[in-house]
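**Student:** Okay, handing you the structure first.
The values are calculated or read from the model by the stated rules, or taken from the named source; none is laboratory data. Only a predicted model underlies this, so the values are computations on that prediction, with no experimental measurement involved. FYI the Cβ positions are ideal-geometry reconstructions off the backbone, even for glycines, and counts take in every protein chain you see. Quick note on the areas: whole protein, heavy atoms, side chains included, nothing else; ligands and nucleic acids left out. Shrake-Rupley method; radii C 1.70, N 1.55, O 1.52, S 1.80 Å.
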Amino acid sequence: MRTQRMATGVSVLALLTLAACGTDAGSGPGSGSGGGGGGDTARSDVPVTGVAWSVDSLTVDGKRTAAPEGSRLEIDRKGRATAYFGCNHIGAKAEVDGDRITLSEQAHTEMACGESVDAFEKAAVAALGSELTAKLSGEKLTLTTEGDDTLALSEEKAADLVGTRWAVDTLLDGESATSVPADLPEDRAPHLTFGEDGTVQGNYGCNSYRGTAEVKGSAITFGPPAGTKKLCPDAEMETERAVLAVLDGPATYTVKGRTLTITADDGRGIAATVAPEEGEGTREQG
């Protein structure tokens, strides 16, 4: 079974561009406090915004269920939320007031996954539909519903930019986002890995490549790549052209939890997640 990626043709929301709007890697819960913010900025006395949270478990009617691998929740300071519970990508409007969180206008991709993952996702989405009370203890966050069910979360540590294999799953262009086709052959799924020696290598979606990447602060300058020159079907070549346009010349990046976002000077970008270890991150076909 293939590594799970968002399906081709699903409705991809502008909310999924959250990663491109976030803070730099290394931000912690204390940096999320935005008491009294104005405009569309979420206000939180319990600092839950601007932090990538791993979902550990969900307890419903006293029964605790461990979350699927990679489950996460994030609320940005502009009142947008994204969530993932092992299957679909979920976007919502978030209102944060003191220790109260309300998520509305939920929308999500429509992939069918394994029975246990589907059940957890359905229960978690239902929990998010309730007004939530947030309680922070160190790096642990508990969200309690009006019915006293709970989501347990932990602050997600930022992955290392260098040495991590990043699987590209979303193409960004301003306020729009498009998923990478889910049916690309495994050996041509776009990915990249930064080396300690200032190199970057991977696959654009058809051809493999190797080039230079000079990292200074939050900036990356990509040098001309060298790679194979194969021709592939149209969908793969279209993905390749979009990825190549970002990984060419100057760009900026953020790492939030297990998500890397790279944005070129012209506004185009890519979002990538840490590639799962062998045997992880697969899904059953629905």
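**Student:** Can you find a residue that is modelled with pLDDT of 95 or more, in contact with a Gly (Cβ under 8 Å, 6 or more places away or on another chain), more than 30 Å from CYS113 (Cβ to Cβ) and not acidic (Asp, Glu) anywhere in the stretch 185-198?
**Tutor:** yes
**Student:** Moving to a separate point now. Would it be correct to say that THR263 is among the polar types (S, T, N, Q), within 30 Å of ALA83 (Cβ to Cβ) and in contact (Cβ under 8 Å) with a residue 40 or more places away in the chain?
**Tutor:** yes
**Student:** Given the options GLY86, GLY38, GLY70, name the one that is modelled with pLDDT of 60 or more and over 30 Å from VAL215 (Cα atoms).
**Tutor:** Of GLY86, GLY38, GLY70, the one residue that is modelled with pLDDT of 60 or more and over 30 Å from VAL215 (Cα atoms) is GLY86.
**Student:** A follow-up question, please. Quick check on the stretch 119-151: of everything there that is surrounded by 19 or more Cβ atoms within 10 Å (Cβ to Cβ) and among the acidic types (Asp, Glu), which residue is farthest from LYS78 (Cα to Cα)?
**Tutor:** ASP149
**Student:** Right, next: Among the residues of the stretch 78-94 satisfying the criterion of being surrounded by fewer than 22 Cβ atoms within 10 Å (Cβ to Cβ) and among the basic types (Lys, Arg), which is nearest to THR259 (Cα to Cα)?
**Tutor:** Selected residue: LYS78.
**Student:** Could you look through the stretch 190-220, keep only residues that are farther than 16 Å from VAL246 by Cβ and part of a loop (DSSP other than H, G, I, E, B), and pick out the one that is most open to solvent (accessible area, probe 1.4 Å)?
**Tutor:** Only one residue tops the list, namely GLU196.
**Student:** Hey, any hits in the stretch 154-176 for a residue that's open to solvent by 20 Å² or more (accessible area, probe 1.4 Å), at pLDDT 95 or above, part of a loop (DSSP other than H, G, I, E, B) and in contact with a helix residue (DSSP H, G or I) (Cβ under 8 Å, 6 or more places away or on another chain)?
**Tutor:** no
**Student:** Is there any pair with a first residue in the stretch 112-123 that is within 10 Å of ASN88 (Cα to Cα) and a second that is open to solvent by 20 Å² or more (accessible area, probe 1.4 Å) and of a type in the set (S, T, N, Q) whose Cβ atoms are under 9 Å apart and which are 6 or more apart or on different chains, and what are they?
**Tutor:** ALA112/GLN285; CYS113/GLN4; CYS113/GLN285
**Student:** I'd like the residue in the stretch 252-285 that is modelled with pLDDT under 90, closer than 14 Å to ALA159 by Cβ and hydroxyl-bearing (Ser, Thr, Tyr) and, out of all such residues, is surrounded by the most Cβ atoms within 10 Å (Cβ to Cβ).
**Tutor:** Among those residues, the one meeting the criterion is THR259.
**Student:** Being open to solvent by less than 50 Å² (accessible area, probe 1.4 Å) and free of Cβ contacts under 8 Å to residues at least 60 places away in the same chain is the filter here, so list the residues in the stretch 236-251 that pass it.
**Tutor:** Residues satisfying the conditions are GLU236, MET237, GLU240, ALA245, VAL246, LEU247, GLY249, ALA251.
**Student:** Could you please find all residues in the stretch 59-92 being of a type in the set (D, E, K, R), farther than 22 Å from GLU146 by Cβ and not in a loop (DSSP other than H, G, I, E, B)?
**Tutor:** The answer is ARG72, GLU74, ARG80.
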